[in-house]
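The values are calculated or read from the model by the stated rules, or taken from the named source; none is laboratory data. Fair warning: this is a prediction, and the values are worked out from it, not measured in the lab. Note that we place each Cβ from the backbone using ideal geometry, even for glycine, and neighbour counts take in every protein chain shown. What goes into the accessible areas is simple: the full protein's heavy atoms, side chains included, and nothing from ligands, DNA or RNA. Shrake-Rupley method; radii C 1.70, N 1.55, O 1.52, S 1.80 Å.
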Amino acid sequence: MRTANLSGRLVLIRDDGTAVDVEQASDGLFGADPQAVYSRWPEFHAWATDSDLPAGSPFDVRDLGAPVPAPRQVLAVGLNYRDHVVESGFALPDTLPPVFTKYISSLTGPVTEVRLPEGGHTDWEVELVAVIGKEAYRVAEDDAWLHVAGLTVGQDISERISQLAGPAPQFSLGKSYPGFAPTGPCLVTPDAFADPDDLELGCSLNGEEMQKGRTRDLIFSVPALVAKLSAVLPLLPGDVIFTGTPAGVGLGRSPQRRLADGDELVSYIEGVGELRQTFRA
Ligand code: ZN
């Protein structure tokens, strides 16, 4: 099952790529708010799976918003692919990866124009994003997928100077400029993948491949992250987890690369879709 946020309304995306308005198709059983549905996700998933949906309407991807527009918590994980840890020059995490947030004002939909912070070194990080569909507190790894509503594509856009400044690095601010957390184009439920633990992800800059990896190479898988994070705090319905990026970020390349005025970044995950960001000085 695939859902999306189309002009601020919750829709189901049919196999033919058209959109069905949930509030209309459910006769008001479920509302139009794309965020509110996560608090009733198991009920919604059952209804959507069992219903004979009407024909959908075509739409423009530029009208898609964030699949999760107003989460209560955004958790983001760093250093979660071996090859990216190596290019970053850090030691491998053992029991817990670094965890930070992307403040929710940075969240957007999949097709956007992003303003580059003046004097900054802005970089890309394609990531698998998991969305919580059922409260998770002290959940075992084996049960973790049952708490995940679905997966989407995310870009953890990062301004490296502010990310690494100060006596202790403060990742969250440098990763939270407006537009620095594009997500989408849709949310895909775990049962829609042959193997939700093994998906190709990558990104290209002006058509040149920059990152390409597979989520089976995550040091802490989605279930492991749900277990580790929920051991500390409750993960709430509609919470968002950025799971980390594979190798190929601009900071880790030689020579180093950074985003510039006019650049177009396309990020994808197999079976989900793509994000498209244009950068402006
Ligand atoms: Zn990241």
Taking a probe of 1.4 Å and leaving out DNA, RNA and ligands, the stretch 2-59 shows per residue an accessible area in Å² of 52 Å²
Against the longest alpha carbon principal axis of the chain, how many degrees, from 0 to 90 and to the nearest 10, is the axis of helix 41-50 turned?
50 degrees
Based on the Cα atoms of the stretch 26-91, what semi-axes does the equivalent ellipsoid have, where each is the square root of 5 times one gyration tensor eigenvalue, given in whole Å with the largest first?
36, 16, 13
Could you give the length gained by full extension between Ser39 and Asp52, i.e. 0.36 nm per residue of separation minus their alpha carbon distance, to one decimal place?
2.4 nm
For the stretch 61-161, just say rounded, prolate or oblate: build the C-alpha gyration tensor, square-root its eigenvalues into a ≥ b ≥ c, call rounded for a/c under 1.5, and beyond that prolate if a/b exceeds b/c, oblate if not.
oblate
Provide the solvent-accessible area of Arg253, counting protein heavy atoms only and rolling a 1.4 Å probe, rounded to the nearest 10 Å².
70 Å²
Compactness relative to 2.2 N^0.38 Å, alpha carbon Rg of the chain:
0.96
If you find the alpha carbon centre of the stretch 55-80 and of the stretch 97-140, how far apart are they in angstrom?
10 Å
How would Lys212, Lys102, Lys134 line up by accessible area, probe 1.4 Å, largest first?
Lys212, Lys134, Lys102
Say the dipole of the chain comes from +1 at the beta carbon of Lys and Arg and -1 at that of Asp and Glu; which of Ala192, Pro246, Phe100 then lies farthest toward its positive end?
Phe100
Exposure of Ser162 as accessible area (Å², to 10), given a probe of 1.4 Å and all protein chains:
30 Å²
Can you spot the lysines whose alpha carbon is less than 19 Å from Lys134's alpha carbon? Ignore those fewer than 8 places along the same chain.
Lys228
Just to confirm, what accessible area per residue do you get for the stretch 186-281 at 1.4 Å probe, in whole Å²?
38 Å²
May I ask you to give the percent of accessible area on the chain that is carbon plus sulfur, with a probe radius of 1.4 Å?
51 percent
Ignoring everything but the protein chains, give the 1.4 Å probe accessible area of Leu96 in square angstrom, nearest 10.
90 Å²
